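Okay, so here's the structure we're looking at.
The values are calculated or read from the model by the stated rules, or taken from the named source; none is laboratory data. Note that the structure is predicted; figures quoted are calculated from it, not measured. Glycine also receives a Cβ, built like all others from the backbone with ideal geometry; neighbour counts cover every protein chain displayed.
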Amino acid sequence: MTLIAVSVAGAEYDIESILVSGGVFALSGIALAVIAFRRGNLVAIFFGLSSLAFAISVVVLINVMAWNPADADRPVCLLIWGYALGSVALAWAGIRQENNQAKVVLANNE
């Protein structure tokens, strides 16, 4: 979640910062998806893969629309804000799933 907040702030400050933050965002999504897959957390897998898909989608959108940084500034920032807000709900669901799995493990061990 911290990475999403940093990406939003960076894009709002200077849209060209997404050249770096977008790559970091995509790589961290892949890492999250791999870790979540090993733990069996489907929500976190989706969360990780969605960040990769979002980063790719933004790159494709910018190229298809042939936007320069000034053109991309407002639409991309709005997309990032929308993704960030959706991510909060998804992260909450992932945390709840982890808690439920931990409760099941503890109940089985008693």
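Under 9 Å by Cβ, and 6 or more places apart or on different chains, what pairs join a residue from the range 17-45 that is under 16 Å from ALA102 (Cβ atoms) and touching a residue at least 60 places away in the same chain (Cβ under 8 Å) with one that is among the charged types (D, E, K, R) and assigned to a helix (DSSP H, G or I)? Pairs that qualify, where the first residue is under 16 Å from ALA102 (Cβ atoms) and touching a residue at least 60 places away in the same chain (Cβ under 8 Å) and the partner is among the charged types (D, E, K, R) and assigned to a helix (DSSP H, G or I), are ASN41/GLU98.
Residue-by-condition table, conditions (1) more than 20 Å from GLY94 (Cβ to Cβ); (2) touching a Ser or Thr at 6+ places or on another chain (Cβ under 9 Å); (3) modelled with pLDDT of 90 or more:
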| site | (1), (2), (3) |
| --- | --- |
| MET1 | no, yes, no |
| SER7 | no, yes, no |
| SER17 | yes, yes, no |
| LEU42 | no, no, no |
| PHE47 | no, yes, no |
| VAL58 | yes, no, yes |
| ILE62 | yes, no, yes |
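A quick yes/no check of all residues on (1) at pLDDT 80 or above; (2) within 13 Å of the chain's Cα centre (by Cα); (3) farther than 30 Å from GLU16 by Cβ; (4) surrounded by 11 or more Cβ atoms within 10 Å (Cβ to Cβ):
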position	(1), (2), (3), (4)
LEU79	yes, yes, no, yes
ALA84	yes, yes, no, yes
ASN100	yes, no, yes, no
LYS103	yes, no, yes, no
GLU110	no, no, yes, no
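Of all residue pairs spaced 6 or more apart or on separate chains, none has beta-carbon atoms under 7 Å together with a first member in the range 88-109 that is in contact (Cβ under 8 Å) with a residue 12 or more places away in the chain and a second member that is loosely packed, with under 10 Cβ neighbours inside 10 Å and hydroxyl-bearing (Ser, Thr, Tyr). Every condition in (1) aromatic (Phe, Trp, Tyr); (2) surrounded by 15 or more Cβ atoms within 10 Å (Cβ to Cβ); (3) part of a helix (DSSP H, G or I) holds for TRP67 except the one numbered (3). Checked against (1) modelled with pLDDT of 80 or more; (2) surrounded by 15 or more Cβ atoms within 10 Å (Cβ to Cβ), ALA31 meets all criteria but (2).
Pairs meeting the criteria (first residue in the range 63-83 and farther than 17 Å from SER51 by Cβ, second residue among the acidic types (Asp, Glu), beta carbons under 6 Å, at least 6 apart or on different chains) are PRO69/GLU16.
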